[in-house]
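Throughout, read-outs are computed from the coordinates displayed, never taken from laboratory work. All values reported here derive from a predicted model rather than from experimental measurement. In this analysis, Cβ positions are derived from the backbone assuming ideal geometry, glycine residues included, and neighbour counts consider all displayed protein chains.
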Amino acid sequence: MPYICMSDSKYPSLLKEIHNPPKRLYCKGNMDLLGERCLTIVGTRKATKYGTEVLNMLLQPYLIDLDICIVSGLAKGIDTMVHRRCLELGIPTIAVIAGGIENIYPLSNTDIYEEISYKGLVLAEHEGRVDMHKGMFPMRNRILAGLSETTIVIEADIQSGSLVTANLALEFNRDVYTIPGDITKDTSRGCNLLIKQGADVITCEDDLKQILGIEAEQLKLIVDKSL
């Protein structure tokens with residue numbers, strides 16, 4: 001299985017900046033995506049209709065022309081929806097998985113794993129299939145946070161792994177954004193906590209455009225080109 005190490009020219013420069021970067025990244029798919037500007041989007045495994053609507057609002061076809069690659073963790077819920085939406089629209093996507101490159105988790109995502117390995121890129125810190133333990137998920141999350149300048153959290157409970165990713169991103173001095181949610185819903189508690197702690201908020205599609213530094217004139221050219 002192909003891999004890159006820290007001395008390789010394709011090893012992501014942002015990932016080198018974190019403490020304890022992975023010595024190797026095992027790859028399945030298009031390794032050229034590691035050279036693109038990455039945006040990490042993660043969220044709860046128990047996605048609601050609200051989370052789906054927010055995700056569909058943010059991930060739009062114009063992203064294809066911005067050389068932006070969307071990174072997520074292939075977990076149930078929001079992560080899976082992120083990858084599916086990207087594949088549907090043709091937006092480049094990277095799936096960072098825990099354990100070995102052959103550890104497909106959950107198994108119900110086998111088809112999407114295979115599609116990403118063909119159309120995008122699957123990354124893991126270990127070769128083949130390894131014995132999984134809980135500590136491998138936070139290790140995966142540091143890669144999710146380290147690949148991108150910006151992490152967006154869409155729906156998360158207090159104990160969500162997405163909050164681990166967000167806190168790691170903050171630790172790495174990266175930007176973290178989240179979606180405000182219904183204060184009566186468990187799936188909003190983590191996001192609302194991040195807001196209380198000072199995370200920036202996304203309330204509309206224009207907020208994402210501003211985060212990405214898209215000028216109105218640039219967006220008009222992209223839209224006109226697609227017509």
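Miscellaneous remarks
- Cα-centred dipole magnitude for the chain, charges only on beta-carbon of K, R (+1) and D, E (-1), debye, nearest 20: 620
- With the cut-off at under 20 Å, measuring from each backbone N in the stretch 177-197 to a point 7 Å along the Cα-to-Cβ line of Lys76 picks out 185-191.
- Note on semi-axes √(5λ) of the Cα gyration tensor in Å: of the candidates (i) 34, 21, 15; (ii) 25, 21, 17; (iii) 27, 22, 15, the value calculated from this structure sits at (ii).
- Net charge of neighbours whose Cβ lies under 15 Å from the Cβ of Ala47, counting Lys and Arg as +1 and Asp and Glu as -1: +2
- Whole-angstrom gap from the stretch 1-71 to the stretch 81-160, using each part's C-alpha centre: 9
- Sparsely packed GluC sites (Glu not before Pro) within the stretch 94-202, loop by DSSP, other Cβ within 10 Å at most 12: none
- Counting charges near Tyr105 (Lys, Arg +1; Asp, Glu -1) among other residues having Cβ under 13 Å from its Cβ returns a value of +2.
- In the chain, the calculated helix contribution to ellipticity at 222 nm averages -11000 deg cm²/dmol per residue, counting -39,500 (n - 2.57) for every DSSP H run with n ≥ 4.
- Spin-label model, Met31 to Ile64: label points 7 Å out along the Cα-to-beta-carbon direction sit 2.7 nm apart.
- With the simple spin-label model, which puts each label point 7 Å out from Cα in the Cβ direction, the Glu205 to Met57 separation comes to 1.1 nm.
- Taking other Cβ atoms within 10 Å as a rough exposure proxy, Ser9, Ser72 sort from fewest to most as Ser9, Ser72.
- The stretch 3-226: antiparallel DSSP beta bridges as a percent of all, rounded to 5: 25
- Beyond 20 Å in Cα-Cα separation lie the following of the pairs Lys46/Lys209; Lys49/Lys76; Lys23/Lys76; Lys28/Lys119; Lys119/Lys209; Lys46/Lys185: Lys46/Lys209; Lys23/Lys76; Lys119/Lys209.
- Per-peptide average of other Cβ atoms within 10 Å, ordering 203-211, 46-54 highest first: 46-54, 203-211
- Among Met81, Met6, Met31, a tally of other beta-carbon atoms within 10 Å of each Cβ gives an order, fewest to most, of Met6, Met31, Met81.
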